[in-house]
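All remarks here apply to the structure that follows.
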Amino acid sequence: MGTVKQAGRQAPGDATRPASNENYLLISAFGTPAHSPLVALSKRISECGCNLAEARVSTLGNELSVLALAQGAWDAIAKLENALARLDRDGELRLTHFRTSARQPQANLLPYVVEVVAADKTGVLFQLAEFFERQNITIEQLHSTRYRAMQTGADMFSAQITIGIPNTMHIAALRDDFLEFCDGLNLDAIMDPMKF
C-alpha cells in the first residue's frame, strides 16, 4: 500500500523543491487605448493558468502602457510565453517579456514620499534621480509629468517619488541635504514618511 502525504506537510524528498507557483514573468506592453493591453494581457495570463501578481497601467503620449508580473507554475509560465509570442505576432501590441524572481523583502529600508513642483526645465528629473543615487537611496516608484499651469500658463514640472531610505541613515540630515539641494535648483519639495 502506498503512503499518503498529509496536507500541509512535505514529503522527505521535497525539502529543496520550490513551490509550484514561484515562477515569474515580467511583461511590458504598449497599445492604443482602443485596444487595451491590460485586457489582452490579463486574458492570456488567466487562460494559461497564471495569476496576475502585480500590474501598473499608465497613458504616456498616445500610448497605453502596462507593466505586469505574472506568477505561476513553470509549465503555465512557458504556456504564457508562447501565448505572448502569438499576441506579439498579431501586431496590435508591442510586447517584451522575460523571466524574473520574487522581490526579496527589504526590512532595512524606510518608505518615504517626495513631492516636487517647479518651473519646467531640462534635466530636473535626472538631477533628482542622481541625488538619490549618490545617497544610495532606491527609487521604488515615480510619477512625473509636465503641464501648463491653468492660472498663468507657465510650463511646470511635478513629480511624486517613493524612496527607500536605509534605516541606518540620519533622516534629519538627509532631509536638510535634500531641501538644500532643491533650494539650489529652485524646486519646491517635501519629504515625508509614507503613512500607510
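The values are calculated or read from the model by the stated rules, or taken from the named source; none is laboratory data. Bear in mind that the values here come from a model prediction, so they are computed numbers and not experimental data. Here the Cβ positions follow ideal geometry from the backbone for every residue, glycine too, while neighbour counts run over all protein chains shown. Please note that ligands, DNA and RNA were not included when accessible areas were found on the heavy atoms of the full protein model with its side chains. Shrake-Rupley method; radii C 1.70, N 1.55, O 1.52, S 1.80 Å.
Results for (1) loosely packed, with under 12 Cβ neighbours inside 10 Å; (2) touching a strand residue (DSSP E or B) at 6+ places or on another chain (Cβ under 7 Å); (3) part of a loop (DSSP other than H, G, I, E, B), shown as yes or no for each residue.
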| position | (1), (2), (3) |
| --- | --- |
| Thr96 | yes, yes, no |
| Pro105 | yes, no, yes |
| Leu110 | no, yes, no |
| Glu115 | no, yes, no |
| Lys121 | no, no, yes |
| Gln127 | no, no, no |
| Ile139 | no, yes, no |
| Leu142 | no, yes, no |
| Thr145 | yes, yes, no |
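All but one of (1) under 21 Å from the mean Cα position of the chain (by Cα); (2) farther than 22 Å from Leu60 by Cα; (3) surrounded by 15 or more Cβ atoms within 10 Å (Cβ to Cβ) hold for Met194; which doesn't?
Met194 satisfies all of (1) under 21 Å from the mean Cα position of the chain (by Cα); (2) farther than 22 Å from Leu60 by Cα; (3) surrounded by 15 or more Cβ atoms within 10 Å (Cβ to Cβ) except (3).
So, of the residues in the range 59-75 that are touching a helix residue (DSSP H, G or I) at 6+ places or on another chain (Cβ under 9 Å) and under 12 Å from Leu25 (Cβ atoms), which turns out to be surrounded by the most Cβ atoms within 10 Å (Cβ to Cβ)? Break it down into steps so the answer makes sense when it comes.
First, pick out the residues of the range 59-75 that are touching a helix residue (DSSP H, G or I) at 6+ places or on another chain (Cβ under 9 Å): 59, 62-66, 68, 70-72.
From the residues that got through so far, the ones that are under 12 Å from Leu25 (Cβ atoms) too are 68, 70-72.
Numbers: Ala68: 22, Ala70: 28, Gln71: 18, Gly72: 23.
Filtering the range 59-75 for residues that are touching a helix residue (DSSP H, G or I) at 6+ places or on another chain (Cβ under 9 Å) and under 12 Å from Leu25 (Cβ atoms), the one surrounded by the most Cβ atoms within 10 Å (Cβ to Cβ) comes out as Ala70.
Name every residue in the range 63-86 that is out of contact with any Cys (no Cβ under 7 Å at 6 or more places or on another chain) and within 14 Å of Cys50 (Cβ to Cβ), in order of residue number. Show your work before the answer.
Residues of the range 63-86 out of contact with any Cys (no Cβ under 7 Å at 6 or more places or on another chain): 63-69, 73-75, 78, 81-82, 84-86.
Residues satisfying the conditions are Ala68, Leu69, Ala73, Trp74, Asp75, Ala78, Glu81, Asn82, Leu84.
Please specify each residue of the range 76-94 satisfying the condition of being in contact with a helix residue (DSSP H, G or I) (Cβ under 8 Å, 6 or more places away or on another chain) and either open to solvent by 40 Å² or more (accessible area, probe 1.4 Å) or in a strand (DSSP E or B) (or both). Steps first, please.
Of all residues in the range 76-94, those in contact with a helix residue (DSSP H, G or I) (Cβ under 8 Å, 6 or more places away or on another chain) come to 80, 83-84, 87, 92-94.
Across the range 76-94, the qualifying residues are Glu92, Arg94.
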